[in-house]
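Down below is the structure, laid out as structure tokens.
Coordinate-derived values only; no laboratory data. Everything numeric in this text was worked out from a predicted model, so none of it was measured. Ideal geometry is used to build each Cβ from the backbone, glycine not excepted, and the neighbour counts take in all protein chains shown.
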Amino acid sequence: MSAINVTGSFNVAKFGGTSVANFESMSRCAAIIENNPNTKLIVSSACSGVTNLLVELANGVQDKTRRSELLRQLTEIHHAILDELADPVAVEKDIHTILDNIASAAEAASFQSSAKLTDHLVACGELMSTHLLAQILCERGTQAVRFDIREVLRTTNAFGKAEPLLDEISSLAKEKLIPLCHSQVVVTQGFIGADREGNTTTLGRGGSDYSAALIAESVQASGLEIWTDVPGIYTTDPRIAPKASPIPEISFSEASEMANFGAKILHPSTLVPALRHQIPVFVGSSKEPEKGGTWIRQKVESSPLFRALALRCNQTMVTLRSANMFHAYGFLAKVFEILAKHKISVDLITTSEISVSLTLDQTDTSGGAPELPEIARKELEELCTVDIEHNLCLVALIGNNMSESKGYAKQVFGTLEDFNLRMICYGASPHNLCFLLHESVSRAAIQKLHKELFED
Ligand code: ADP
Ligand code: ASP
Ligand code: MG
């Protein structure tokens, strides 16, 4: 098994939703934890599917039958695990209290939903799964305790996409978390935190990876393990291209590019704290730990020209056109002033003489495509015409020294000659080439490109 084995401080291990989906999966996680005595801090996601159910409730379900159905599903998932416990009474009450809390918050959301209420609701998934995982560990003979990470993971109050407050997290971890880890295994929640007033916040969908890295940083962990449902990082999502192959070792910068460009395997911000503290990261499958996985490190042996393909859907492209832009100065400055004023974060950008196309960033918990706020659109329309396109996906080819290599653009675009590419970003980064295309053809484009660039 490929767990991290460094003496000194301890490991942090994160288990994703499918890894803690049910009793059997949780037991596999427990075996992985028990296998490495150096693993002291466990960060868990909600059981698979739970966050989606909670997001639907948080968006406000007026139909009472549907609401009851969602609550029934949530109860069923957690009861199925409770039923397998040797001593369900130890955690039953805690789970019921949270389920009751969900029912009343869901009713409140059906009248009026809000980002704050959404975070309060969606956090319940991790709050429940950690009770169950800690209990399973205890029943197997491991000394384990559940810890509420809201006592340590201090964030801004930007509900749905809260930002960590690093100094506060670090001192709270020293005071409350590190001492606990010396004598036992501590099981805590990914994805969630709390603002200074004690309100529950979340780091955005898929945020448990990021939580785990922030927590690893705060306790100065010797390693971070991300246990998921695939044995490592592949050359592309193996669900899209079945011939994708695992990458045994990858640099922080390559893996960060992959995460940033949507490879769902890691939340985009995950590697920032790990890189800051040079914490090696291991990604493996909790179902097949014997298969090994991917090590993410600062220095790696090989730096191939093509490393991987990533896909990020739900892209919104905004195209701004103005004849006044031709040979004029200050136009882009005005555009960005408006975007900055409304706190709109831009992801990619390309320009021509009279137009500029850009895509909008998205990270919050609500899901769906990012929208240009109406007020910003109106202000931009005073300057130029504004076109908005949805249902686009971003494909990124990630590699090394790409700006110094000849001929590969011809290979990439030749392979994609039958596809209508909507926007291309090429040359700005030595590590990637990316483009937008319509959602309906995005998987086919990845498959074709993967075959050409990564399969023999
Ligand atoms: P978890 O619930 O453990 O956080 P996720 O579903 O968020 O798991 O991420 C794991 C999934 O990421 C895989 O099942 C796979 O479909 C997807 N994925 C996307 N890109 C890649 C890649 N390059 N390598 C491996 N998996 C990838
Ligand atoms: N449970 C959260 C989600 O589904 C966070 C995570 O699993 O990473 O988005
Ligand atoms: Mg994930």
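When DSSP assigns beta bridges and you keep just the ones with both residues in the chain, what percent turn out antiparallel, to the nearest 5? Provide the component values of the computation, followed by the final result.
Values: 41 of 68 bridges.
The antiparallel fraction comes to roughly 60 percent.
Which of rounded, prolate or oblate describes region 90-203 when judged by the alpha-carbon gyration tensor and an a/c cut-off of 1.5?
Working: a/c = 3.13, a/b = 1.21, b/c = 2.58.
Oblate, since a/c reaches 1.5 and b/c is not below a/b.
Once the other residues with Cβ under 12 Å from the Cβ of Phe282 are scored (Lys, Arg +1; Asp, Glu -1), what is the net sum?
Values: positive: Lys14, Arg297; negative: Glu225, Glu249.
The answer is 0.
Please give the net charge around Arg28, taking every other residue with its beta carbon less than 15 angstrom from that of Arg28, where Lys and Arg add +1 and Asp and Glu add -1.
-4
Do any cysteines of the chain lack a neighbour Cys whose Cβ is under 4.7 Å away, and which are they?
Cys29, Cys47, Cys124, Cys138, Cys181, Cys384, Cys425, Cys434
With a point put 7 Å past each Cα toward its Cβ, work out how far Asn391 is from Ser303 in nm, to one decimal.
Those two pseudo-labels are separated by 4.2 nm.
Kindly provide the pair-distance distribution of the chain built from C-alpha pairs, with 20 Å bins from 0 and whole-percent values in order of increasing distance.
Histogram of Cα-Cα distances, whole percents per bin: 24, 54, 21, 1.
Just rank Ser208, Ser302, fewest to most, by other beta-carbon atoms within 10 angstrom.
Details: Ser208 27, Ser302 11.
Result, fewest neighbours first: Ser302, Ser208.
Testing the spin-label approximation: label points 7 Å from Cα along Cα→Cβ at Thr97 and Ala444. State their distance in nm.
5.5
Taking θ as phi - 60°, what are the ³J(HN,Hα) couplings along region 23-33 by the Karplus curve (6.51, -1.76, 1.60), each to the nearest whole Hz, with x for Gly and Pro?
4, 4, 5, 4, 5, 5, 4, 4, 5, 4, 5
Counting other C-beta atoms within 10 Å, and keeping those with at most 14, which DSSP coil trypsin sites (Lys or Arg not before Pro) do you find in region 378-456? Write down the numbers at each step before the final one.
Values: sites: Lys378, Lys406, Lys410, Arg422, Arg443, Lys448, Lys451; in loops: Lys406, Arg422.
Answer in residue order: Lys406.
Taking a ≥ b ≥ c as the square roots of the eigenvalues of the Cα gyration tensor of region 175-331, is the shape rounded (a/c under 1.5), prolate (a/b larger than b/c) or oblate?
Working: a/c = 2.07, a/b = 1.31, b/c = 1.58.
Oblate, since a/c reaches 1.5 and b/c is not below a/b.
Long-range amide H contacts for Val43: which residues qualify at under 5 Å (H placed 1.01 Å from N, peptide plane, sequence gap of 5 or more or a different chain)?
Excluding prolines and chain starts, which carry no amide H, the hits are Ala13, Lys14, Phe15, Thr188.
For region 206-257, divide the Cα radius of gyration by the Kirkwood radius and give the resulting Rg/Rh value with two decimals. Intermediate values should be presented prior to the final figure.
On the way: Rg = 12.9 Å, Rh = 12.7 Å.
Rg divided by Rh gives 1.02.
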